[in-house]
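Student: Structure provided below as structure tokens; questions to follow.
The values are calculated or read from the model by the stated rules, or taken from the named source; none is laboratory data. All values reported here derive from a predicted model rather than from experimental measurement. Virtual Cβ from ideal backbone geometry, glycine too; neighbours counted across all protein chains shown.
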Amino acid sequence: MKKILLILALFAAGFISAQGNGDYVNMTFVKTTPGEDYGTILNEKWKELAQMRADEGTITGWDVWWRPGAGDAEAWNMVIVTVAKHPDSLNANAGVMKMRPNYSDMDVEIFQQKNIKARTIVYDHTYVNKGLNFAANDGETPDVPQVAVLNFMKTPISNGYAYEKAENSLNSGDIGTRSGWGLLKRLDQMGEDVYNNYMTVDFYDSFETMMTTREQTTRIPKQMQTVLNMRTHLKSIPLWRAISVRPSE
């Protein structure tokens, strides 16, 4: 009986706690090619295009994250994140010719071949934001700090509504040493055979803060234990922000 009352309390709190801002988030998981310097291509070409799209209002954010310590055995070592208010905007107003309108067909072909050679797209997933907690945030796409931790989650399809409410209730208000938190629901694939159908993202100002937070071993509160029982935490992967684009002031 007590457990039922606790779950009902979590759901009720969820309606008045942190809620998602409705952003659509595309995550492109990339394996870079050694010696081809894909980071330079991103900084000198694709960052410029992302800034153009952000200033036009097509997208609200674009970030590149490196996966520290990822070796040859890892499937991917970089994540490119595009954020927009509408799913159709994630891939709109993009392309080499928008970025370099003076390019000839040969220039475009050369650049595309160089870009393809420098990286392999391993996964491309689309999510929608279902939870958000950043200080002084009014629902906009937040400026992200230096470190993010992706937590890949799996919950039964029938459990999604309850899980979203419970996560939002747990992560509303004070979030401790984290500088931000988000909950993402996967949209591009669904079903029991999909690796993950949700993701939480913890943001930190530094790796030191993230590591010292992980170092602490504390007793798990009942509210958190309830959330843990609602989903499987598949993997937790820290990332380091390399590039961040937001609309110009």
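Student: List pairs: first in the range 40-66 and without any contact (Cβ under 8 Å) to a residue 40 or more places away in the chain, second basic (K, R) and surrounded by fewer than 21 Cβ atoms within 10 Å (Cβ to Cβ), Cβ under 9 Å, 6+ apart or cross-chain?
Tutor: Here the result reads I59/K85, each pair linking the range 40-66 to a residue that is basic (K, R) and surrounded by fewer than 21 Cβ atoms within 10 Å (Cβ to Cβ).
Student: Okay, next question. In the range 93-121, what residues are touching a Phe, Trp or Tyr at 6+ places or on another chain (Cβ under 8 Å) and not in a helix (DSSP H, G or I)?
Tutor: Scanning the range 93-121 gives R100, Y103, R119, I121.
To keep it simple, each residue is scored yes or no on (1) in contact with a strand residue (DSSP E or B) (Cβ under 9 Å, 6 or more places away or on another chain); (2) of a type outside the set (A, V, I, L, M); (3) at pLDDT below 95; (4) within 20 Å of G61 (Cβ to Cβ).
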position: N159; (1), (2), (3), (4): no, yes, yes, no
position: D205; (1), (2), (3), (4): yes, yes, no, yes
position: R219; (1), (2), (3), (4): no, yes, yes, no
position: R241; (1), (2), (3), (4): yes, yes, no, yes
position: E249; (1), (2), (3), (4): no, yes, yes, yes
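Student: Take the residues in the range 233-249 that are within 22 Å of the chain's Cα centre (by Cα) and assigned to a loop (DSSP other than H, G, I, E, B), then tell me which one is surrounded by the fewest Cβ atoms within 10 Å (Cβ to Cβ).
Tutor: S248
Student: Against the condition within 18 Å of the chain's Cα centre (by Cα) and within 26 Å of V149 (Cβ to Cβ), how does A84 come out, does it pass?
Tutor: Taking the combined requirement at face value, the residue satisfies it.
Student: Could you run through the range 159-193 and say how many residues are surrounded by fewer than 17 Cβ atoms within 10 Å (Cβ to Cβ) and either among the basic types (K, R) or part of a loop (DSSP other than H, G, I, E, B) (or both)?
Tutor: 11
Student: Identify the residue in the range 194-213 that is surrounded by 12 or more Cβ atoms within 10 Å (Cβ to Cβ) and of a type in the set (D, E, K, R) and, among all such residues, is nearest to G160 (Cα to Cα).
Tutor: Step by step, filter the range 194-213, then rank; the result is D202.
Student: Among the residues of the range 141-158, write down those that are surrounded by fewer than 19 Cβ atoms within 10 Å (Cβ to Cβ) and among the aliphatic types (A, V, I, L, M).
Tutor: Within the range 141-158, V149, I157 meet the criteria.
Student: Find all pairs meeting these conditions: Cβ atoms under 8 angstrom apart; at least six residues apart or on different chains; first residue within the range 148-166 and among the hydroxyl-bearing types (S, T, Y); second residue part of a helix (DSSP H, G or I) and modelled with pLDDT under 95.
Tutor: Within 8 Å, the pairs are Y163/V227.
Student: Ok, one more. Can you tell me which residue in the range 58-75 is modelled with the highest pLDDT, limited to those that are of a type in the set (D, E) and more than 22 Å from E44 (Cβ to Cβ)? Can you show your working first?
Tutor: Of the range 58-75, the ones of a type in the set (D, E) are 63, 72, 74.
From the residues that got through so far, the ones that are more than 22 Å from E44 (Cβ to Cβ) too are 72, 74.
Values: D72: 92, E74: 96.
Result: E74.
Student: Just need a number here: residues in the range 50-77 that are in a helix (DSSP H, G or I) and touching a strand residue (DSSP E or B) at 6+ places or on another chain (Cβ under 9 Å).
Tutor: 4
Student: Also: Quick check on the range 217-232. Is at least one of its residues surrounded by 12 or more Cβ atoms within 10 Å (Cβ to Cβ), among the β-branched types (V, I, T) and without any contact (Cβ under 8 Å) to a residue 40 or more places away in the chain?
Tutor: no
Student: Somewhere in the range 169-178, is a residue touching a residue at least 12 places away in the same chain (Cβ under 8 Å) and on the phi > 0 side of the Ramachandran plot?
Tutor: yes
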